[in-house]
Amino acid sequence: MKADADDQVPSCLTGMVADKPIDWEIIAQQYDQMVKYATALRLGTAEAEQVLRRFTRSGPKHPTYKAIEELGKAVKSVFVAGYVASQELRREIHEGLQVVENWNSANTDLFYGSAGTIPGSDKEHQEVSMLSLHLLQSALVFINTLLVQSVLKDPAWQKKMTDADKRGLSPLFWSNANLYGTIDIDMGRRLDLDLVA
């Protein structure tokens, strides 16, 4: 019998399960300190960099840091157990990863002048390139959102859409982008999205 793709556990998860027993005792001992640090970070009374600096100073490992590591192992192990036990969760994660990977592959097309890589050796040039790509992606997602909304305004489409269709809606597509050739921009008029839809 052939295994279903949904039943396979990705190799990246195998390293997430704790290989040694979790030290629950240190978690119990340091629980108040962990809550104190987490609250300080949440309220903004401490910077993450300051807390990490305190935890990673030379010398023996800070006991609260050890406890946080142990708690992290427990949380990851619980997640992997839930992942293995639930086919629905595996499908949901797999679908989400496909959307993200698909969108990441858009970088090569949108940033085609450099084959999807950030050019330049100086940090300022690389930062400008990255910010330009983010601006272009944000503009594309904004336009795509408007296009999807304009289509869904039609009651006929609303009746056809099932819950699964609605869950599958995403503005992360770029098949409508003109990657080559001349692009005429008239800053004096708005996009006629209803006509395009």
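No value in this document is a laboratory result; all are computed from the given coordinates. Fair warning: this is a prediction, and the values are worked out from it, not measured in the lab. Virtual Cβ from ideal backbone geometry, glycine too; neighbours counted across all protein chains shown.
Straight-line cross-link reach from Lys166 at under 19 Å between alpha-carbon atoms covers these lysines, not counting any fewer than eight positions away in the same chain: Lys153. Coupling constants for region 129-142 follow from the phi torsions by the Karplus curve (6.51 cos²θ - 1.76 cosθ + 1.60, θ = phi - 60°), and in residue order they are 4, 5, 5, 5, 5, 4, 5, 5, 5, 5, 5, 5, 5, 4 Hz; glycine and proline get x. Peptides 80-93, 174-187 ranked from most to least packed, by the mean per-residue count of other Cβ atoms within 10 Å: 80-93, 174-187. Centre-to-centre separation between the Cα atoms of region 124-181 and those of region 13-79: 39 Å. Computed over the alpha-carbon atoms, region 12-85 gives an Rg to Rh ratio of 1.03, Rh here being the Kirkwood radius from the mean inverse distance.
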